[in-house]
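*Asks:* Here it is, the structure in full.
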Amino acid sequence: MKMNKKLLGEERRKKVLQWLKESESPLSGNSLAKKANVSRQVVVGDITLLKAKNEPILATAQGYIYIHPNKETDKIRKVIICHHTAEDTQKELEILVDHGVTVKDVMVEHPVYGYITAQLQIANRYDISLFLQKMGETSSVPLSNLTNGTHLHTIEADSEQQLESAILQLKTEGFLVDMP
């Protein structure tokens, strides 16, 4: 059995960046570590160094994503304001993805720190299950707990109709905050 060579320093960071750029889906720290024959913590450090060099890498619950700056998109985006309990997080996300909507992020307005944003990139029920699994494994709570359930999402879809039907269902469930 052939043993993979451990990638070192700058060579490893170049490969990690290449793998991220070439991937159509998020890559976990563990999968990158396995490819580079190093620990996950080494990869986390590499990602930090790459981000410090202004590489557009997002950390999501599903893994790392390279955001291609010049990538054209025909997607329609909106920011919505939601309010619900932590127990309703799954239901909120399912409503959105079941309408073909991607939940790009979650934001809260903190009284001291201002806006805090976390990248989600949740596009389907599998992404939801990974997100909730990670929350459970780490005993984490939703960011919206900082603001008693009020939070914003940037949502994205192929059509205005998808966004509007998802928003209507969120409103029906009482999850949407009416904007003046």
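The values are calculated or read from the model by the stated rules, or taken from the named source; none is laboratory data. Model, not experiment: these values are computed from the prediction. Here the Cβ is made from the backbone with ideal geometry for all residues, glycine too, and neighbour counts use every protein chain on show. Note: accessible area is taken over every heavy atom of the protein model, side chains too, but ligands, DNA and RNA are not part of it. Shrake-Rupley method; radii C 1.70, N 1.55, O 1.52, S 1.80 Å.
*Asks:* Considering each residue of region 122-149, count those that are over 12 Å from the mean Cα position of the chain (by Cα) and aromatic (F, W, Y), and give that number.
*Replies:* Residues that pass the stated criteria total 1.
*Asks:* Also, I was wondering about something else. Going by the structure shown, is I80 open to solvent by less than 30 Å² (accessible area, probe 1.4 Å), touching a helix residue (DSSP H, G or I) at 6+ places or on another chain (Cβ under 8 Å), under 16 Å from L120 (Cβ atoms) and in a strand (DSSP E or B)?
*Replies:* Here the answer is yes, as I80 does meet what is asked.
*Asks:* Right, something else. Restricting attention to region 6-23, which residues are open to solvent by less than 50 Å² (accessible area, probe 1.4 Å), part of a helix (DSSP H, G or I) and without any contact (Cβ under 8 Å) to a residue 40 or more places away in the chain?
*Replies:* Passing the criteria: G9, R12, R13, V16, W19.
*Asks:* Looking at (1) open to solvent by less than 40 Å² (accessible area, probe 1.4 Å); (2) more than 21 Å from L27 (Cβ to Cβ); (3) within 14 Å of the chain's Cα centre (by Cα), which one does T117 not meet, given that it meets all the others?
*Replies:* (1)
*Asks:* Another question, then. State all residues of region 88-104 that are open to solvent by 20 Å² or more (accessible area, probe 1.4 Å) and under 12 Å from the mean Cα position of the chain (by Cα); if no residue qualifies, say none.
*Replies:* Listed by number, the residues that qualify are T102, K104.
*Asks:* For residues that are outside any strand (DSSP E or B) and among the β-branched types (V, I, T), scanning just region 24-72, find the one that is most open to solvent (accessible area, probe 1.4 Å).
*Replies:* Looking at the filtered set, the residue picked out is T48.
*Asks:* Of D98, D105, which residue is under 23 Å from D74 (Cα atoms), touching a Leu at 6+ places or on another chain (Cβ under 9 Å) and among the acidic types (D, E)?
*Replies:* It is D105.
*Asks:* While we're on this one: I'm told T85 meets every condition in (1) hydroxyl-bearing (S, T, Y); (2) surrounded by fewer than 18 Cβ atoms within 10 Å (Cβ to Cβ); (3) under 23 Å from I57 (Cα atoms) except one. Can you identify the failing condition by its number?
*Replies:* For T85, the failing item is (3).
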